[in-house]
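Below is one structure, written out as structure tokens; comments come after it.
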Amino acid sequence: MADHSSHDPLAGIPFDRVPPSGRYGAAGEPGVTVSTTDTPFIALVVARNGFAASVAARLGRAFGVEVADRAGAAISAASTVVGTGPGRFLVLSTIEPDLEGTLRALLGAEAAVSEQSDASVAFNLTGEKVPDLLAKGALIDLDPRVFLPGHAATTVIAHIGVTLWRVHESGWRLLVARSFEASFTRFLVASGAEFGLALENGTAGRG
Amino acid sequence: MLIITCPWCGARPEVEFRYGGEAHIARPADPSALTDAEWADFLYNRTNPKGLHAERWRHIHGCGRYFNALRDTVSDFFVTTYKAGEKRPDIDASSGGSK
């Protein structure tokens, strides 16, 4: 019988280690590019009872985006506000090291704010084949005709909790708990190998 | 797989949810005034109907919120879902499983 082990893109990679940066699977132009090199500052905002609309409006004014109290991603050049549940918002910023302090000053007693920068790994997925890759693990409809840029969902992919949103036509962002980085990267590599996958890892946490 | 409609997130797969027991069971305002039998009734005795059942569900792998559902315990059909705190919709058993 033929030895199929050489076709396993993850052969020889310990299951508890993040697969190294590089090319996996089919040769040629990669159908999917996965990058975790962007390490945004992240904070979770939970509006206190009755303040969800007010908190959404304040976040919108402060970050120059349209924020509503519903599932969705409001994206500007430096920051993103993602609705993850009623009155719950994840705020990402590339330029605000003290995001938690900024949000506390902005929202006062209207919301609870917690620092989450190292809690999650942000996966940037780009390429034509991203929806085909995600379809192998997602249970919700992520068809590009249905799940449009700016749409967001908190769901389960490959049995791992994920908050994801579509950034633009061929760009998707996924937040995964950091302890699942190795497992989730393995899912991405195994599922994306048939399209050719380029992986670029970031550094592990900010320390 | 069952599709359950979270009142906040919309239609989602069953695996994102956890069951939360029978809905609309109010904790007694003054437990110390109850007999042991009444307290046991509050703690343990449930209606367990054949047919429509109002029950709590939690969208644990999504928005995290509890909500209520009317489910037919025979067909497993979810007749409707509604937010926690809202009254049980006035739907009788004959409309269950008809969709």
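Summary of values
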{"item": "Loss of accessible area when A meets B, both sides summed, Å² nearest 100, probe 1.4 Å", "result": "800"}
{"item": "Relative contact order [Cα under 8 Å, 6+ residues apart], segment A:147-190, whole percent", "result": "30"}
{"item": "Cβ-Cβ FRET estimate between B:Phe42 and A:Glu66, R0 fixed at 35 Å, reported to 0.05", "result": "0.15"}
{"item": "Segment B:3-95, dipole about Cα centre (Lys/Arg Cβ +1, Asp/Glu Cβ -1), debye to the nearest 20", "result": "380"}
{"item": "Interface residues in segment B:1-41 - accessible area drops by 50 Å² or more relative to the isolated chain, probe 1.4 Å", "result": "B:Arg12"}
{"item": "FRET efficiency for A:Ile95 and A:Glu29, using Cβ-Cβ distance with R0 set to 25 Å, rounded to 0.05", "result": "0.15"}
{"item": "Computed over segment A:1-82: relative contact order in percent, which uses C-alpha pairs under 8 Å that are six or more apart", "result": "13"}
{"item": "Accessible area in square angstrom per residue, segment A:41-115, 1.4 angstrom probe", "result": "45"}
{"item": "Fraction of accessible area attributable to carbon and sulfur, the protein assembly as shown (%, probe 1.4 Å)", "result": "52"}
{"item": "Residue-averaged 222 nm ellipticity for chain A, from DSSP H runs of 4+ at -39500 (n - 2.57), nearest 500", "result": "-5500 deg cm²/dmol"}
{"item": "MRE, 222 nm, helices only [DSSP H, n ≥ 4, -39500 (n - 2.57), over chain B, to nearest 500]", "result": "-2500 deg cm²/dmol"}
{"item": "Cα-projected label distance for B:Glu14 with B:Val74, points at 7 Å along beta-carbon direction, nm", "result": "1.9"}
{"item": "Estimated dipole of segment A:113-164 in Debye, rounded to 20 [Cβ of Lys and Arg +1, of Asp and Glu -1, Cα centre]", "result": "140"}
{"item": "Among B:Gly85, B:Leu43, B:Ala29 the positive-end extreme of the charge dipole of segment B:3-95 (Cβ point charges)", "result": "B:Gly85"}
{"item": "Max mean-square fluctuation residue, GNM over chain B, Cα-Cα springs under 10 Å, options B:Pro31, B:Pro49, B:Pro89", "result": "B:Pro31"}
{"item": "Centroid-to-centroid separation of segment A:34-49 and segment A:115-188 [C-alpha atoms, Å]", "result": "14"}
{"item": "Taking chain A and dividing mean pair separation by its residue count, relative contact order in percent (alpha carbons under 8 Å, at least six apart)", "result": "32"}
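The values are calculated or read from the model by the stated rules, or taken from the named source; none is laboratory data. None of these values were measured; they are calculated from a predicted model. Cβ atoms come from the backbone with ideal geometry, glycine included; neighbour counts cover every protein chain shown. All accessible areas refer to the heavy atoms of the entire protein, side chains included, with ligands and DNA or RNA removed. Shrake-Rupley method; radii C 1.70, N 1.55, O 1.52, S 1.80 Å.
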